[in-house]
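K.L.:
Take a look at this one; I'll ask things after.
The values are calculated or read from the model by the stated rules, or taken from the named source; none is laboratory data. As the structure is a computational prediction, the values presented were derived from the model and not from experiment. Because the Cβ atoms are built from the backbone with ideal geometry, glycine has one as well, and the counts that use them run over all protein chains shown.
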Amino acid sequence: MPTPAPLSALAPTPQHIAIIMDGNGRWAKLRGRPRTFGHAEGVEALRRTVEAAGELGVRYLTVFGFSTENWRRPAEEISALFDLLRLYVARDLERLAGEGVRVRVIGERAGLQSDIAEIIERAETRTKQNDKLNLTIAFNYGGQDEIARAARRIAEDVAAGKLAPNEVNTQLVERYLDTVELPAPDLVIRTSGEARLSNFMLWQAAYAELVFTDILWPDFGREALHQAIVEYQRRERRFGGHGAEPA
């Protein structure tokens, strides 16, 4: 990969980057290895990317780890993906905590294996005081499911008299989303050459800049993240108007 252009000191660095980590299976197939091998290498790419995000001044990094649609995959592959979450937390949690990284996990937790739920709780509790970098893992997550769950809770609160129907607006909906503690992403990156959001952060990415790269996720790292930020800095964000931030 050629040396990327330097970041601009005059243009802002995206404070929240969200990444659809795609291409693990294809990366493994090109090497004659099983898909699970690609997922394992994808964890190494995540380690590199988390480190690079902190170095490049990113405050929030959200990654798509396991979608609600991934349940359709073979049971062996699903089991391997869960094992990788266990391994990532076991190996990296103390290092992340020591480096000031706060870990959050968003998505539907009902129905997850008890040890996975405990791992998520442990990671969030261990790092909740950190604020150098906010790492959010979307696990058993789907954007449509998230919006539906938020709508259901709003409906329940209206029915219980806690909310009036005329109080429901975009700001209120955001308080019911999984990402209530996070700013909207400035930049969404998808690897592997696919050019779609695939049900990821559908509400939150309404005004995000989108960057699609042919790099397969296991090959992603600091240079690729740097180049995506350079592309982001070249763009003018209008938010439906003339460049002003949304109110």
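K.L.:
Ile106 fails exactly one of the following numbered conditions: (1) over 18 Å from Trp217 (Cβ atoms); (2) modelled with pLDDT under 95; (3) not charged (D, E, K, R). What is the number of that condition?
P.N.:
Failed condition: (2).
K.L.:
On to the next question. For Gly111, indicate whether it is within 17 Å of the chain's Cα centre (by Cα) and on the phi > 0 side of the Ramachandran plot.
P.N.:
For Gly111, the condition - within 17 Å of the chain's Cα centre (by Cα) and on the phi > 0 side of the Ramachandran plot - is not met.
K.L.:
Could you check region 43-88 and list, in sequence order, the residues that are surrounded by 17 or more Cβ atoms within 10 Å (Cβ to Cβ), within 21 Å of Ser114 (Cβ to Cβ) and aliphatic (A, V, I, L, M)?
P.N.:
Ala80, Leu81, Leu84, Leu85
K.L.:
Would you confirm whether or not region 41-51 contains a residue that is of a type outside the set (D, E, K, R) and either modelled with pLDDT under 90 or over 18 Å from the mean Cα position of the chain (by Cα) (or both)?
P.N.:
For region 41-51, residues of a type outside the set (D, E, K, R) and either modelled with pLDDT under 90 or over 18 Å from the mean Cα position of the chain (by Cα) (or both): absent.
K.L.:
Moving on. Tell me the residue from Glu118, Glu76, Glu41, Glu94 that is among the charged types (D, E, K, R) and in contact with a Pro (Cβ under 6 Å, 6 or more places away or on another chain), please.
P.N.:
Answer to the selection: Glu41.
K.L.:
If a residue has to be surrounded by fewer than 23 Cβ atoms within 10 Å (Cβ to Cβ) and under 16 Å from Ala224 (Cβ atoms) to count, how many in region 27-42 make the cut?
P.N.:
Total meeting the criteria: 1.
K.L.:
Of everything in region 121-140 that's in contact (Cβ under 8 Å) with a residue 12 or more places away in the chain and farther than 18 Å from Tyr60 by Cβ, which residue is surrounded by the fewest Cβ atoms within 10 Å (Cβ to Cβ)?
P.N.:
If we take residues in region 121-140 being in contact (Cβ under 8 Å) with a residue 12 or more places away in the chain and farther than 18 Å from Tyr60 by Cβ, then Arg122 is surrounded by the fewest Cβ atoms within 10 Å (Cβ to Cβ).
K.L.:
Which numbered condition trips up Glu118, out of (1) farther than 24 Å from Ala52 by Cβ; (2) touching a His at 6+ places or on another chain (Cβ under 8 Å)?
P.N.:
Unmet for Glu118, out of (1) farther than 24 Å from Ala52 by Cβ; (2) touching a His at 6+ places or on another chain (Cβ under 8 Å): (2).
K.L.:
For region 194-213, name all the residues that are small (Gly, Ala, Ser) and free of Cβ contacts under 8 Å to residues at least 60 places away in the same chain.
P.N.:
Correct list: Ala195, Ala206.
K.L.:
Restricted to region 152-190, and to residues that are touching a residue at least 24 places away in the same chain (Cβ under 8 Å) and surrounded by fewer than 17 Cβ atoms within 10 Å (Cβ to Cβ), which residue is nearest to His226 (Cα to Cα)?
P.N.:
Among those that are touching a residue at least 24 places away in the same chain (Cβ under 8 Å) and surrounded by fewer than 17 Cβ atoms within 10 Å (Cβ to Cβ), it is Pro183.
K.L.:
Regarding region 236-247, can at least one residue be identified that is hydrophobic (A, V, I, L, M, F, W, C), in contact with an Asp or Glu (Cβ under 7 Å, 6 or more places away or on another chain) and over 26 Å from His39 (Cα atoms)?
P.N.:
yes
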